[in-house]
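Step one of this worksheet: look at the structure below.
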Amino acid sequence: MSYCVNCGVELERTQKKCPLCGVKVINPMEKEAPEDKKTFPETRDELKKTERAFWFKFISIICVVPIATCVLLNLLYDSRLTWSVFVIAGVFMLWAFSTSPFYFRKFRYITMMSVDLAAVLTGLFVIESMVAGKGWFLSIALPVAVYCFVSLGIVIYLTRIKILKGLRVTSALVLSITLLIFMLEILIDLYTASAISLFWSWFVIAPCLSIVLLLFILEKNQRVREAFARRLHF
């Protein structure tokens with residue numbers, strides 16, 4: 001076992017340079033060994049058309065089984081569709097999330113997330129049509145779903161263009177969750193009482209903001225970052 005003479009990170013036997021600081025590794029006690037093949041390729045190979053078709057059909061068949069079973073039982077006992085509609089809506093949303101990566105030859109996260117958003121809104125609209133209380137789809141479900149997908153899309157975009165990286169990605173996600181909780185209580189208050197009285201959301205917002213502040217401090221402290229990288233090997 002050898003360690004980097006510069007930063008002290010643990011090294012693999014066949015490594016020629018330190019993965020953390022890039023210092024050349026020279027160990028006179030060990031014979032030179034061929035470099036191991038990399039576990040992951042440099043570029044991601046897109047799924048072949050046959051593989052995409054197989055997984056699409058496989059997931060679809062799995063989702064059809066609970067839908068068919070619940071519909072059959074519902075018709076046998078109630079002679080009409082009642083509770084099985086909730087199963088259909090839920091499985092449909094799960095099916096859309098599971099199969100959306102296989103719709104396209106190349107990875108397009110905006111298009112993929114748009115399909116997922118449409119599936120979620122469709123499923124929630126169907127669920128609302130089956131329950132007694134009305135109006136929560138437009139008042140709560142629609143704005144919450146749109147916010148979640150838009151905020152996630154922004155984080156992904158900023159990560160792809162290298163504005164967000166490392167701990168900043170985690171900070172952005174936690175901050176998005178904080179804003180979501182804040183918005184959720186406002187929407188629920190307006191839907192139930194037509195007045196805003198912020199109460200329970202602070203119990204979630206306070207620790208989330210503390211986590212964001214902690215991650216910001218860690219991101220700014222180079223010595224702490226290097227210590228984490230050395231011990232966690234990244």
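Every number here is computed from the coordinates shown, using simple stated rules; none is lab data. The model shown is predicted, which means the values in this text are computed figures rather than measured ones. Note that we place each Cβ from the backbone using ideal geometry, even for glycine, and neighbour counts take in every protein chain shown.
Computed quantities for the displayed model
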quantity	calculated
For the range 62-69, 3J(HN,Hα) per residue [Karplus equation, 6.51 cos²θ - 1.76 cosθ + 1.60, θ = phi - 60°, Hz, x = Gly/Pro]	4, 6, 5, 4, x, 5, 5, 5
Distant-in-sequence amide H partners of Ser2 (H built 1.01 Å from N, under 5 Å)	Leu11
Value at 222 nm in deg cm²/dmol, rounded to 500, when DSSP H runs of n ≥ 4 in the chain each add -39,500 (n - 2.57)	-21000 deg cm²/dmol
Compactness index (Cα Rg / 2.2 N^0.38 Å), the range 162-234	1.47
Trypsin sites (Lys or Arg not before Pro) lying in DSSP loop within the range 151-219, provided at most 16 other Cβ fall within 10 Å	Lys162, Lys165
Solution diffusion estimate, µm²/s, Stokes-Einstein, the chain, Kirkwood Rh from C-alpha pairs, 37 °C, viscosity 0.692 mPa s	144
Contour excess over end-to-end distance, with Cα ends at Val23 and Leu94 and 0.36 nm allotted per residue	20.8 nm
Rounded to 10°, Cα long-axis angle of helix 222-232 versus longest principal axis of the chain	90
Within the range 97-133, chymotrypsin sites (Phe, Trp or Tyr not before Pro) in DSSP loop having at most 15 other beta-carbon neighbours inside 10 Å	Tyr103, Phe104, Phe107
0 to 90° range, to nearest 10: angle between helix 167-192 axis and the chain longest Cα axis	20
Relative contact order (%) - criterion: Cα under 8 Å, at least six apart; region: the range 95-234	19
Of Phe149, Phe58, Phe86, the one that fluctuates the most in a GNM where the chain has Cα springs shorter than 10 Å	Phe58
Neighbour net charge for Phe199 - beta-carbon separation under 11 angstrom, K R +1, D E -1	-2
Computed over the range 155-216: relative contact order in percent, which uses C-alpha pairs under 8 Å that are six or more apart	41
C-alpha long axis of helix 142-160 to longest principal axis of the chain, angle in °	20
Residue among Ser79, Ser151, Ser129 with the largest mean-square fluctuation in a Gaussian network model of the chain, springs linking Cα atoms under 10 Å	Ser79
Whole-number D in µm² s⁻¹ for the range 49-134, Kirkwood Cα-pair radius fed into Stokes-Einstein, 25 °C, 0.890 mPa s	173
Assigned charges on the beta-carbon of Lys, Arg, Asp, Glu; the chain dipole about Cα centre (debye)	900
For the chain: relative contact order, % (alpha-carbon pairs under 8 angstrom, 6 or more apart)	15
DSSP loop GluC sites (Glu not before Pro) with at most 16 other Cβ within 10 Å excluded, longest remaining stretch of the chain	47-234
Highest-MSF residue in the chain out of Thr178, Thr170, Thr192 [GNM, Cα springs under 10 Å]	Thr192
